[in-house]
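Structure record follows, encoded as C-alpha cells.
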Amino acid sequence: MTLHLHVTLENREPYTAVIRHSVPRLRVGQLTSKDPVAVKVDPEDPKRIVIEWDR
C-alpha cells in the first residue's frame, strides 16, 4: 500500500511522508481509523520509515 503519514517526532517539526509498506490484513482497520501508529525513523533519512505493528 502507499501510505501518507503525518510524522511527529521529539525535537523536530512534524512532516508528511509517503511510503510503500505492506500492511497485515488485521491492521488495515488501524490505518483507516486514523489512530496513531508507532514508527521507526532513520535519523539520517527521515523519509525512511518502518511501521512497528506490534507496538
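The values are calculated or read from the model by the stated rules, or taken from the named source; none is laboratory data. Owing to the predicted nature of the structure, the values given are computational and were not obtained by experimental measurement. Glycine also receives a Cβ, built like all others from the backbone with ideal geometry; neighbour counts cover every protein chain displayed.
Report every pair of residues separated by at least 6 positions or lying on different chains whose Cβ atoms are under 8 Å apart, first residue within the range 8-36 and under 21 Å from Arg48 (Cα atoms), second among the polar types (S, T, N, Q) and surrounded by 10 or more Cβ atoms within 10 Å (Cβ to Cβ).
Close Cβ pairs satisfying both conditions: Pro14/Thr8.
Across the range 1-37, what is the number of residues that are in a strand (DSSP E or B) and either modelled with pLDDT under 90 or surrounded by 11 or more Cβ atoms within 10 Å (Cβ to Cβ) (or both)? Spell out the reasoning first.
Just the residues of the range 1-37 that are in a strand (DSSP E or B), to begin with: 2-7, 15-20.
Next cut, either modelled with pLDDT under 90 or surrounded by 11 or more Cβ atoms within 10 Å (Cβ to Cβ) (or both) only: 3, 5, 7, 15, 17, 19.
Going through the range 1-37 one residue at a time, the tally reaches 6.
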